[in-house]
Structures are given as C-alpha cells and as structure tokens.
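The values are calculated or read from the model by the stated rules, or taken from the named source; none is laboratory data. Everything quoted here is computed from the prediction, not taken from an experiment. Cβ atoms come from the backbone with ideal geometry, glycine included; neighbour counts cover every protein chain shown. The area values use the complete protein model at the heavy-atom level, side chains included, leaving out ligands, DNA and RNA. Shrake-Rupley method; radii C 1.70, N 1.55, O 1.52, S 1.80 Å.
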Amino acid sequence: MQTLKSSSIFSTSYFLNFWLKPESFNFLLYSSSSSSTSVSNPPLFNYLVKNLDFTETHALSISNRYSHVKSFKKAQSVANFFQSLGFSNAQIASSVRMAPQILFADVEKKLKPKIKFFQDLGLVEPYLGKFFSKNSALLTCSLDKLIPSIQIVKKVLGDNNEDLFKVFNRCNGFIARDGILKLSRNIEYLESCGVVGSQLSNLLTRQPRIFRMTESALKDLVSRALDMGYSTDSRMLVHAIHTLNCLSEQTFKKKWELLKSYGFSDSDCVDMFRKTPGVFRVSGEKMKLGIEFYINVVKFDKNVLVSRPFLLMSSLEDRVIPRYRVLQIIKSKKLLKTNLSFLYILDFTENEFLKFMSRFPDDVEELLIAYKAHLLHTSSEEEEEKT
C-alpha cells in the first residue's frame, strides 16, 4: 500500500496532466474496448495504425475482417502504390473504408490498369487521391465492366470528361454497384419519355441517382410528373422529374400545404409546379418569407405568384428587398413621371438595374447605399467581430 501511495503515477499533478492530453483519452478508450474486443490480426492492426494513421476503430475492423491474412506485405504494397500517386494517409484510409478489399489487391494486375484507365480519361495525379477516396469502389470493378459502362455514360455526356467526374463525385458507387443493363434501360426509358440530348445529359450530371433507380421506381417517378399535367413532349418534364426526385413525397406535400395555408388553391399549386417545378425545392422558410413579403409588403395579389412562381426562388436579401428599397426612394422623391411596376424592376439583370439607377445622377449615391445596405451591414458586423 505504501508503494502505491508514493508512486508518481497516483500523484495529483500526474493525474491532471494525463487527463489534459487528448491522446491519453484515446489510449484509455482503446484499452478498455480492447479488453473486451481482441485484435485478430495484430501485425496488420499495428501497421495500419502506426504507418497509415488509421483510427484504432477502423484498423480493428479491417484486421479482424481479414484475420486470415498472415502478412501485411500486400497491404504495404498497395499503400506504397497509392502514396506514389500522391495519396495522403487520410485518403488511403478513406479509400479502404469505402472498399476494404482494395487493400489486398494485386497492384500490377488489378490496381494499375484501372488507375491508368482513369488517367487516360483525364484524371491527373493531384486529383487521384481526392477522387478515389470517395470512389474507391470503382477499383473493385473489372475493366470488362468499367469500360462499357463508362462508354454508355459518355454517349450521354459527350466528350466532356469533367462532367463524367462530376457524376461520380455526386453519386458514390455510381457504376460500381450498378448493372450495365439497368443503366442502359433507364437511359432508354427516359429517352422514350422525351428526355433527350442536353436535357438527358444535364439530368445525369445533376441527378445521377435517378439513373440508378430500379425500373419500377423510375417509372413511378415519371408517372408522378405526368399526373401533374406534363406530357412526354414537354420540355419541362425533365425539370419536374428533377424536382420530384429531390424531395420526398412528405416534403413535397408540406410545401403544397404551405401554399394552401396562404390561400392558394390546389389548382394554383398545380399551375405553379407546372410553370416552375423548382419552386418546390425552395426551403419552406424561404417560401414562407417570400409569400409574406410579396403579399403583405409589396401588396401583390396572389395571382401574381401563381403566374410568376419563380419570384419565390429569388433571394429576398440580395435582390428583391434591395430593389424594393430603391424603388420606394424613387417614388417618394417623384423622380419618375410614370408609375413603374416592381415586377418590371425585378426583371432587370444586375447591369440593367445599375444602369437604371444611373438615370438619377443627383440621387445615385443614396440609391446605391440603399441598394447595397445589406452588404454594408454585413461588412460592419465583420469589422466589429475582428475588433
């Protein structure tokens, strides 16, 4: 007992210093968990933690999953290969997390040919690590699958490989976890619905998950759009499909009910969706604030919003309210002989609006201050925070 009391490990200063160090907590956390969870492959576990900076939890998962692997030489070879391509340890860990089997792949026969394939598509070395840390599942596919799949995608996108990599980055697992037949059938079905050319390529770039749907799910999605009054020869159908795919049916219904709570009828909601499907992608809060501003402040009739639902997509803070302030000053000073509609003002491009204000040289400074007031306010707040 005496020995324990005099030991420095039980002193107050040691105890406080120990717990103030983050690594001490990690040590105790792992020590307590490892007592109940044994490491099936200690050499592999130690290599992943010490050499590749894997977290202990991740390394434990990998080493136990591959407990039959007696040597970590293959893992070392894979890691060295990735590092030679500029992968950071964090990117290697992320790649392995997405597809653990690549850690034990044959570098010469399996990994190099696939990496070269993507390099030939234009994926240069500085971006390899970033790309495959999110899309390492592609490295588990055979070239016999990758080549025809990407040929199908490129047939839709054209020769713009930048868009090709956007598709992969927006949808992890694209192609890697999908059959070629499913991809082909979904493209053919959308084309049969009139979604062709640039519309099809834009949809693939923005919503690649649509192309991963089961045939029945995709047909159901298109059916919902058609039920809203679209036809397969409408150029707006693709926008409706995009919007409906972005929102769950529950979220879509909430937006619909929000509009109705402000006096819009079901017929009004249908008209708004058919004119501007994207208005339903606006957040509920933004939609609510927009309706209240246009109806209660600007005094628009709600039919204005039914005919121009895109107004609810405009930024109140950056576009709508600043222009409204400017128009109010112009009206209060009677600078115009005729009554100018606020709708007319909202249709201006930024350059057109600045040119419009320049028509009043004696008041242009006041108008500019009113127009940019929100930016000045933000700037002053940032300065206060710095001081």
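Results, tabulated for the structure shown:
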item: Volume per residue of the C-alpha convex hull in the stretch 288-347, rounded to whole Å³; result: 83 Å³
item: Angle in degrees between helix 161-170 and the longest Cα principal axis of the chain, rounded to the nearest 10; result: 80 degrees
item: Positive dipole terminus of the chain, leading residue within Val69, Leu181, Ser267 (C-beta point charges); result: Val69
item: Eligible aspartates and glutamates near Lys219 by straight Cα distance, threshold 14 Å, same-chain separation 8 or greater; result: Glu188, Glu191, Asp227
item: Residue of Ala137, Ala225, Ala373 that the Gaussian network model of the chain assigns the largest fluctuation, springs spanning Cα pairs under 10 Å; result: Ala373
item: Under 16 Å from the Lys109 label point (7 Å along Cα→beta-carbon), backbone N, the stretch 72-86; result: 74-75, 78
item: Sites Asn51 and Tyr189, calculated FRET efficiency, Cβ-Cβ separation with R0 41 Å, nearest 0.05; result: 0.25
item: Dipole magnitude (debye, nearest 20) for the chain, charges at Cβ of Lys, Arg, Asp, Glu; result: 920 debye
item: Column: log10 I(q)/I(0), Debye, Cα scatterers of the chain, q = 0.08, 0.09, 0.11, 0.15 Å⁻¹; result: -0.73, -0.85, -1.01, -1.21
item: Helix 56-65 axis, angle to the chain major axis (alpha carbon atoms, nearest 10°); result: 70 degrees
item: Semi-axes of the equivalent ellipsoid for the stretch 172-314, Cα gyration tensor, largest first, Å; result: 32, 15, 13
item: List Val279, Val196, ordered by accessible area with a 1.4 Å probe, largest first; result: Val196, Val279
item: Computed P(r) (all Cα pairs; the stretch 248-309; 10 Å bins; percent); result: 22, 64, 13, 1
item: Tilt relative to the chain, helix 266-275 - C-alpha long axis, 0 to 90 degrees, to 10; result: 70 degrees
item: Cα-Cα pairs of the stretch 115-201 separated by more than 15 Å (percent); result: 60 percent
item: Summed side-chain charge close to Arg325 - residues other than Arg325 whose Cβ falls under 15 Å, Lys, Arg +1, Asp, Glu -1; result: 0
item: Average accessible area per residue (Å²) across the chain - probe 1.4 Å, nucleic acids and ligands excluded; result: 56 Å²
item: Computed [θ] at 222 nm, deg cm²/dmol, the chain (DSSP H ≥ 4; -39,500 (n - 2.57); rounded to nearest 500); result: -19000 deg cm²/dmol
